[in-house]
1. Give me a comma-separated list of calculated 3J(HN,Hα) values for region 51-56, in order, Karplus coefficients 6.51, -1.76, 1.60 applied at θ = phi - 60°, integers in Hz, x for any Gly or Pro.
2. I'd like the Kirkwood hydrodynamic radius of the chain, using the inverse of the mean 1/r over distinct C-alpha pairs, in Å.
3. Please say if region 123-174 is rounded, prolate or oblate, where rounded means a/c under 1.5 for a ≥ b ≥ c the square roots of the C-alpha gyration tensor eigenvalues, and otherwise the choice is prolate for a/b larger than b/c and oblate otherwise?
4. Rounded to the nearest 500, what is the 222 nm mean residue ellipticity of the chain from helices alone, with -39500 (n - 2.57) per DSSP H run of 4+ residues and division by all residues?
Amino acid sequence: MSGLNKGVARVEVTLKWDPAPSGAPAHDLDLVAGVFTADDPHGAPAYLVHFGSRSPDGTITLHRDSRTGQGFGYDEAMTLELDRLAPHYARVVVGVTVQQGGGRITFGEIAGTGIRVREGYTDLLTHDFADVPGALSATVVEFTRDGADGWSCRSMSRGFEADPRAFATVLGSTPA
């Protein structure tokens, strides 16, 4: 009966953090999604979705972006319509990177961080970056296509010593 399993179809990934202390440079965290083909699921992404961009087919959209963390609750939001992705895409990795415009800053230096992956009203994953305090960027969740069963979701917490530009090149890599 596994053919009746629909898998994960449409998810929302939301990100929150507390603003920087008064007088300090703003903390700017960004959601990033890398989409990978079945031919190269751990190589270079076919495309990235981040602030100021969306997927070419409109299936992944960042529809809320914050540069300061000021707001109520989750400040950034990205929607992934996995069930609409073309069949040649087999993997999507979502991560977070800390902008480094005000000097080097890590997740451990930013208060109140949190990310939530949700399908409808069901939380698939929550994470607070406490396990990657020295990282500048981190992957959080991986979605993989499971053939007839649709998409599955798996926690993928991994920190990187990579600024936003470098993070785009290592986002989908496998651990050494």
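Every number here is computed from the coordinates shown, using simple stated rules; none is lab data. On a predicted model such as this, the values are computed, not experimentally measured, just so you know.
1. Ordered by residue, 3J(HN,Hα) equals 3, x, 9, 8, 5, x Hz.
2. Numbers: mean 1/r = 0.0612 Å⁻¹.
Here the Kirkwood hydrodynamic radius works out to 16.3 Å.
3. Oblate.
4. Numbers: 1 runs with 7 residues, N = 176.
It lands at -1000 deg cm²/dmol.
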